[in-house]
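Structure first, commentary second.
Laboratory data are not the source of any read-out in this text; all were calculated from the coordinates shown. Model, not experiment: these values are computed from the prediction. All Cβ positions, glycine included, derive from the backbone under ideal geometry; neighbour counts span all protein chains shown.
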Amino acid sequence: MQKKVYLSLSLCLLMLIIAPWTCTAANEKEGIILVAFGTSMPEAKIALDAIHEAYTRTTNTPIIWAYTSDIIRRKLAKQGEKHFSVMGAMNEAARLGIRRLRMQSLHVGAAQEFQSLQQMIVRNLLLFPDRFESVLLGRPLIESQKDMLAVRDALLQSLPKERTPNDAVVFMGHGNHNGPGDLMLYSLNAALQHTDPLIYVAAVEGGSAFEPVLAQLKKQGIKKVWFQPLMIVAGDHARNDMAGNEADSWASQAKAAGIESAVILRGLGELPAIQSIFIKHTKDAWDNFAHQKKAD
Ligand code: CO
């Protein structure tokens with residue numbers, strides 16, 4: 001035993017001379033923070049639980065969750081459920097003694113929510129610069145054309161068997177009024193349309209509105225449309241804006257236009273193919289937020 005320690009110590013000293021960064025990090029405790037917008041609906045949370053399950057199958061390091069939505073965290077706190085913010089989760093990671101931290105965005109694209117996540121990481125590290133040896137941030141779901149095509153395939157495979165080739169499908173994305181999020185939805189719509197001209201992506205906010213899609217469905221003489229969320233959880237937007245009974249929900253608007261509508265309330269997080277993309281992004285993360293200078 002003594003000999004082993006002595007040997008590894010001398011090996012470490014030798015490594016320090018050759019490559020100083022290899023030894024310092026070798027025994028540091030690792031951990032993951034999964035960052036989602038969050039949801040207060042138990043029926044929607046099953047998508048986040050499914051992602052959690054998938055991560056526990058690939059790693060035995062501690063997994064901490066962070067919800068970026070202040071409103072949702074406050075609502076859950078009133079019900080006695082405590083959830084961390086990004087700041088809170090990073091503080092918790094430090095409290096657990098984690099030194100090599102991986103963070104994974106569970107957002108669909110590098111839009112508003114992802115950008116504020118990046119800002120919060122930087123803010124935490126400015127407050128506590130020596131807390132972590134490394135902080136790697138995994139990119140959101142659709143980061144490259146390759147991801148987009150993988151998501152397209154996952155969406156096509158997720159379509160209900162009952163859908164006939166004459167039925168249209170509309171995926172509800174979130175969208176943003178500002179920033180680059182809309183571009184990703186626009187290109188995913190194009191990729192889906194290329195495969196099947198009756199499949200569309202529309203969004204709650206931003207440039208991909210539902211109304212022009214509905215006008216198109218009428219023009220195409222569609223009799224039935226399937227709605228599915230293009231969001232990690234099937235939460236408030238999916239259950240109210242997409243599937244709700246109010247006159248302005250997408251399902252109601254379709255009905256009012258004489259088109260039968262069916263809704264699938266399943267978040268993207270429930271699909272194994274989507275979980276695999278996030279896990280791959282966690283493994284592939286390259287931006288080290290903690291000690292950028294060391295890499296220079
Ligand atoms: Co929203």
Taking the chain and counting helices only, DSSP H stretches of n ≥ 4 at -39,500 (n - 2.57) each over all residues, the nearest-500 ellipticity at 222 nm comes to -14000 deg cm²/dmol
In whole Å, how far is the Cα centre of the stretch 45-78 from that of the stretch 171-224? 29 Å
Charge dipole (debye, nearest 20) of the chain; +1 at Cβ of Lys and Arg, -1 at Cβ of Asp and Glu: 800 debye
Of the listed pairs Lys45/Lys283; Lys78/Lys283; Lys45/Lys78; Lys29/Lys82; Lys161/Lys218; Lys223/Lys280, which have alpha-carbon separations greater than 29 Å here? Lys78/Lys283; Lys223/Lys280
Per-selection metrics, the chain (Cα): Rg and Dmax in Å: 22.3, 81
For the chain, what relative contact order do you get, as a whole percent, if you take Cα pairs closer than 8 Å and at least 6 residues apart? 20 percent
Anything in the chain that counts as a DSSP H helix reaching 20 Å or more along its axis (C-alpha) with Kyte-Doolittle mean of at least 0.5? List them, would you? 2-18
Residues with amide H under 5 Å from that of Val169, placed H, sequence gap 5 or more: Ile199, Tyr200, Trp226
For Thr59, which sequence-distant residues (separation of 5 or more, or a different chain) have an amide H within less than 5 Å of its own amide H, given hydrogens modelled in the peptide plane? none
Taking the chain as a Gaussian network, Cα atoms linked when under 10 Å apart, which of Leu34, Leu156, Leu268 shows the biggest mean-square fluctuation? Leu156
Can you list residues from other chains, or at least 5 along the same chain, whose modelled amide H is less than 5 Å from the amide H of Gly138? Met103, Gln104, Ser105
